[in-house]
Amino acid sequence: MNKCDALIIGGSAGSLDVLLKVLPELNPALSFPIIIVVHRKHGADSLLPELLAGRTRLIVKEIDEKEPILAGTVYVAPSDYHTLIEKDRSFSLDCSEKINYSRPAIDATFQTAAEVYRDKLVCLLLSGSNADGVNGLISVKAWGGTTVIQDPKTAQVAYMPQQAATFAKIDYTLAIEDMAEFINLLS
Amino acid sequence: MNQELGVISDEQVEILLGDLLEYYGYDFTGYSKASIKRRILRLYALDKQLSFAEFRYNINNDTAYFKRFVEQITVNVTEMFRDPGFFKTLRDTVLPKLGTYPLIRIWLAGCSTGEEAYSVSIILKELNLLHKSLIYATDINPAVLEKAGQGMFAMSQMKQYSENYIQSGGTKDFSSYYTANYSLAKFSDELKGRIIFSTHNLVSDHSFNEFQLILCRNVLIYFDRDLQHKVLSLFAESMEGLGYLALGSKAKLDFSPLSRNYKRVPGEKIWRKVS
């Protein structure tokens, strides 16, 4: 596999448990950024970055608009905005229409990142109950990136990774307990 | 929507933006690139355009299509009382302070279809300040202003807006502000009476008055840092001493040297001009 310049993890229902299991196992000196886009209710104040920060020695922060994307940091997409990746490897936020009934939409981040990071992008789609992220994985593949899904058999809600497996070309299908090792080896 | 591989390249985006500036005087070159490209790709797919050449030709030669293009590449998603906590601070802290002025002038920049303008108007009315307030609600896009002027929003949204209103500290019956007309809720003329809807382009137009409160909650994130700085300067020029500047929930001010002139109101993205 090519050198990894960014890992993006998308998920919906049932994905938080996976993140809480995987994060503590990650090497705190990762050579790339991790960008987490998970569906959550708007308004419920942004406790997610704090929750995740308690599980890892990596820096965890909610994304600010125009923020440069740095290695060794876990970025969490804010609720009620789409997170887009700019050519200069910074974030921009966008509160346009929901996509797949979701804002943030995983597709929006996967697709804009696909074109920026090309074959140095790895995208992982976790448990969830809608098909957000599937079109994104198709784009990631088209631009030469690596596509990974949670093994639907291990997912609380299998629909999302299952849809991905049906419609996109998937490079790796991982059980929860294999994810941390896979991510550490990208470094 | 599937963003197909390289349907429109970055260079072609630049060509379109260059055309808009040259032929129509609209300058989108300071917009964040990923966002505007996404909007353009979305429209290209939505309108089933067959080629970039045809798309470009239509924009440059068909005035109606040009209008559609501008309407669609700008984001016009808004709500009444969006981020209720913000509107609660307006109600409890900011607007009462402005109540001592004989005339309260408010600029709502990037008002889109007007939901926020009506929200502010409702709070002013409840604080018994509406009669001596003027809300200048501006947008780059004439089509959304026309809709804003009608004061009619989808009935299907009213449940959500009513919840937002209550969370923002509203205690009246929200439905008393509109009359239901089939699928639309028409807001009362009294609320609209103190709002002036007008086109204004933040990129190219100048300051047109001085205000005690400027709200710009939906626009700045689409601008690059240089353009953000330019617009913040425009707001500073258009602000009375001790006036308030309200930005969107993810906005930042600390990147700008102008931030030294402002003091943050705790808890919300509201700053008071102190010098």
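Read the figures in this text as sums done on the coordinates, not as results from a lab. Note that the structure is a prediction, hence the values are computed from the model and not measured. We place every Cβ from the backbone using ideal geometry, glycine too, and count neighbours over all the protein chains shown.
Observations
- Contact order for chain B, expressed relative to its length and based on alpha carbon pairs under 8 Å spaced 6+ residues apart, stands at 18 percent.
- Straight Cα distances below 13 angstrom link B:K132 to the aspartates and glutamates B:E190, with same-chain residues fewer than 8 positions distant left out.
- Entries of A:K3/A:K169; A:K61/B:K250; A:K120/B:K48 with Cα pairs more than 23 Å apart: A:K120/B:K48
- Nearest-ten-degree value, helix B:115-126 long axis tilted from longest Cα axis of chain B: 10 degrees
- Cα centroids of segment B:110-170 and segment B:210-275: 21 Å apart.
- Panel order for B:H200, A:H82, B:H206, A:H39, by other beta carbons found within 10 Å of each beta carbon, from fewest to most: B:H206, B:H200, A:H39, A:H82.
- Projected label distance in nm at A:N184 and B:Y65, using a 7 Å step from Cα toward the beta-carbon: 5.7 nm
- The protein assembly as shown: antiparallel DSSP beta bridges as a percent of all, rounded to 5: 35 percent
- Sites matching trypsin sites (Lys or Arg not before Pro) across segment B:10-86 that sit in DSSP coil, with at most 10 neighbouring C-beta atoms within 10 Å: B:K48
- At least 30 Å along the helix axis (C-alpha) and Kyte average at least 0.0, DSSP helices within chain A: none
- Per residue of the protein assembly as shown, the DSSP helices (runs of n ≥ 4 H) give a summed -39500 (n - 2.57) that works out to -10000 deg cm²/dmol at 222 nm.
- Reach of B:K125 by Cα under 16 Å, taken over lysines that are not fewer than 8 positions away in the same chain: B:K88, B:K97, B:K172, B:K192
- Beta bridge orientation in segment A:6-186: antiparallel %, DSSP, nearest 5: 20 percent
- When you work out D = kT/(6 pi eta Rh) for the protein assembly as shown at 4 °C and 1.567 mPa s, using the Kirkwood radius from C-alpha pairs as Rh and the Stokes-Einstein form, the result is 55 µm²/s.
- Degrees separating the helix B:63-73 axis from the principal Cα axis of chain B, which is the longest one: 60 degrees
- DSSP-defined beta bridges in chain B - what % are antiparallel, rounded to 5: 45 percent
- Based on C-alpha pairs under 8 angstrom that are at least 6 apart in sequence, chain A has a relative contact order of 24 percent.
- Ascending count of other beta-carbon atoms within 10 Å, so fewest first, for B:L46, B:L98: B:L46, B:L98
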